[in-house]
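The values are calculated or read from the model by the stated rules, or taken from the named source; none is laboratory data. Source: prediction; values computed, not measured. Cβ coordinates were reconstructed from backbone atoms using ideal geometry, including for glycine residues, and neighbour counts include every protein chain displayed. For the accessible areas, the whole protein counts, side chains as well, though only heavy atoms, and no ligand, DNA or RNA atoms are used. Shrake-Rupley method; radii C 1.70, N 1.55, O 1.52, S 1.80 Å.
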Amino acid sequence: MADGARITDDALDPLIHVPTRLRIVATLAALPDGDALSFTRLQDMLGLTPGNLITHLRKLEDAGYLSSAKTGNGVASRTSLALTNRGRAALDAYTETLRDLLGGL
């Protein structure tokens, strides 16, 4: 961080800064570009209830940070989740800001 530069409160993306959403975005970012993860697999990996995960996913999807695709009907349905380019860019910016902030310690 340059001398005299300050990290403002809004510099860290508040959407990603929430710990659960950061875990979701980081997990999806670890996938190769173009790959997706099933809702149930992500839920198992993060140890979240379906309702809790849905709430966080909705916020991320509304911001354009992730995309979801549902296939099948009823019991055989499956929802796949992937990070969008916008989501990857947001995580990169968040990570860079955090590095700058911690580098100043």
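Here the Karplus curve 6.51 cos²θ - 1.76 cosθ + 1.60, taken at θ = phi - 60°, turns the phi angles of segment 53-67 into couplings of 5, 4, 4, 5, 4, 4, 4, 5, 5, 4, 7, x, 7, 9, 10 Hz, with x standing for Gly and Pro.
Divide, for the chain, the radius of gyration over alpha carbons by 2.2 N^0.38 Å, where N is the residue count.
1.21
Our coupling estimate for segment 13-18, obtained by passing each phi through the Karplus curve with A = 6.51, B = -1.76, C = 1.60 and θ = phi - 60°, is 3, x, 5, 8, 5, 5 Hz, Gly and Pro reported as x. Using a cut-off of under 16 Å, list every residue of segment 68-105 whose amide N is near the label point 7 Å from the Cα of Ala11 along the Cα-to-beta-carbon line. So the set is 92-105.
Against the chain, whose longest principal axis comes from its Cα atoms, helix 85-103 is set at around 40 degrees. For Leu66, the amide hydrogen comes within under 5 Å of the amide hydrogens of Glu61, Thr84, counting only partners 5 or more places away or on other chains and with H modelled in the peptide plane.
Taking a point 7 Å from the Cα of Arg58 along the Cα-to-Cβ direction, the residues of segment 17-52 with backbone N closer than 12 Å to it are 51-52. Potential lengthening of the chain between Thr95 and Thr27 amounts to 23.1 nm, from the contour at 0.36 nm per residue minus the alpha-carbon distance. Considering only protein heavy atoms and a probe of 1.4 Å, how much of the accessible area of the chain is carbon and sulfur, as a whole percent? Carbon and sulfur: 52 percent of the exposed surface of the chain.
Using alpha carbons only, the radius of gyration of segment 35-78 set against its Kirkwood radius gives Rg/Rh = 0.96.
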